[in-house]
1. Shape verdict for the range 70-115, please, from the Cα gyration tensor: rounded (a/c under 1.5), prolate (a/b greater than b/c) or oblate.
2. Which pairs break 28 Å Cα to Cα here: LYS13/LYS75; LYS33/LYS216; LYS145/LYS271?
3. Using a simple charge model, +1 on the beta-carbon of Lys and Arg, -1 on the beta-carbon of Asp and Glu, nothing else, what dipole does the chain show about its Cα centre, in debye to the nearest 20?
4. For the chain, the longest stretch holding no GluC sites (Glu not before Pro) located in a DSSP loop with at most 15 other Cβ atoms within 10 Å is which?
5. Loop only by DSSP, 15 or fewer other Cβ within 10 Å of the Cβ. Give me the trypsin sites (Lys or Arg not before Pro) in the range 47-107 that pass, ordered by residue number.
6. Using only Cα positions of the range 228-282, each an equal point scatterer, no hydration layer, compute I(q)/I(0) via Debye at q = 0.12, 0.15, 0.19, 0.21 Å⁻¹ and quote the log10 values to two decimals.
7. Using DSSP to define loop residues, name the trypsin sites (Lys or Arg not before Pro) in the range 250-284 whose beta-carbon has at most 11 other beta-carbon atoms within 10 Å.
8. Alpha carbon centre of the range 210-226 versus the range 134-161: separation in Å?
Amino acid sequence: MSNPINGVLVIDKPKDFTSRDIINILNKKFNIKKIGHTGTLDPLATGVLVVCLGKYTKLVDKITSYDKEYIATIKLGMKTDSLDVTGRILEKNDNIVVDKQEVINILNSFVGKSIQEVPIYSAVKINGKRLYEYARDKQEITLPKREINISEIELLKNVSGQIVFRVVVSKGTYIRSLIQDICKKLHVLGTMSDLKRTRQGKFTIKQAISLEKIEKDEYNMLDIQDIFDYPIYFLSEEEYFKVKNGVSLYLEKDDLFLMLKYANTIVAIYKNNKHIYKPYLMLL
């Protein structure tokens, strides 16, 4: 019997693939059912898609919560129902030119916490039904709003008919909606024409692997020590038995987190509370 596959892959998602498509491809490649990604990318979008396999699916919620960096492109002079160029055109206005300093000022105004409306073409569920299903059925629905945080934003390019910017956002931020809000403040029509996720937490586009390399077995499967920088504590047999049963450990340590290792394997991450280390993430 082959060894179970456990680890994390940083995929460079190509355009015109859904995040689910990537999972299905990896399902087939590794013959594994226990697999999940840590943040949906639209088919239009490319870049970092972190995928957890096997017992590392326990990391999905933690990695999903990390901040994300994007390079986004606004096509000026067009408004669509999906808030990107794949949607139905609602309005057009050619030859839009915006002042560079005004764009910079508007972008900077979004730094910090704000309330964002979730786009109708999204997978968020309301009353058991996804928002995009309401859109397809042409049903009216009050769109939910959520708090987001933008920690960094900068203009990269402002040319005729196009604005390109870099942004670092919190979990749950929709760049399509952000672009709509930017265009409202600029008093112009605009929609998202390109989006690339360049980072999620510590996972960057530089380490992301193409599907072609995955197919050729030219990839590096990350393990827990590649993901977290916590100190390692080597368990005795007695301590390992306690950890296996989820029991806390009293340790004369001051580290907030410890990776617990037994027989050359990280089996858990424990968190410190006045020298009482309690389960934070179990990998058994």
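No value in this document is a laboratory result; all are computed from the given coordinates. Since this is a predicted model, take the numbers as computed values, not measurements. Heads up, the Cβs are rebuilt from the backbone with ideal geometry, glycines too, and the neighbour counts pull from every protein chain shown.
1. Details: a/c = 2.42, a/b = 1.39, b/c = 1.73.
Because a/c hits 1.5 or more and a/b fails to exceed b/c, the range 70-115 counts as oblate.
2. Numbers: LYS13/LYS75 22 Å; LYS33/LYS216 21 Å; LYS145/LYS271 33 Å.
Long pairs (Cα-Cα over 28 Å): LYS145/LYS271.
3. Numbers: 44 positive and 35 negative charges, 119 e Å.
Its charge dipole is roughly 580 debye.
4. Working: sites that count: GLU140, GLU218, GLU252.
Value returned for the longest uninterrupted segment is 1-139.
5. Details: sites: LYS55, LYS58, LYS62, LYS68, LYS75, LYS79, ARG88, LYS92, LYS100; in loops: ARG88.
Of the trypsin sites (Lys or Arg not before Pro), the ones in loops of the range 47-107 whose Cβ has at most 15 other Cβ atoms within 10 Å are ARG88.
6. One equal scatterer on each Cα of the range 228-282 leads to -0.21, -0.33, -0.54, -0.66.
7. Details: sites: LYS253, LYS261, LYS271, LYS274; in loops: LYS253, LYS274.
Sparse-neighbourhood loop trypsin sites (Lys or Arg not before Pro): LYS274.
8. 32
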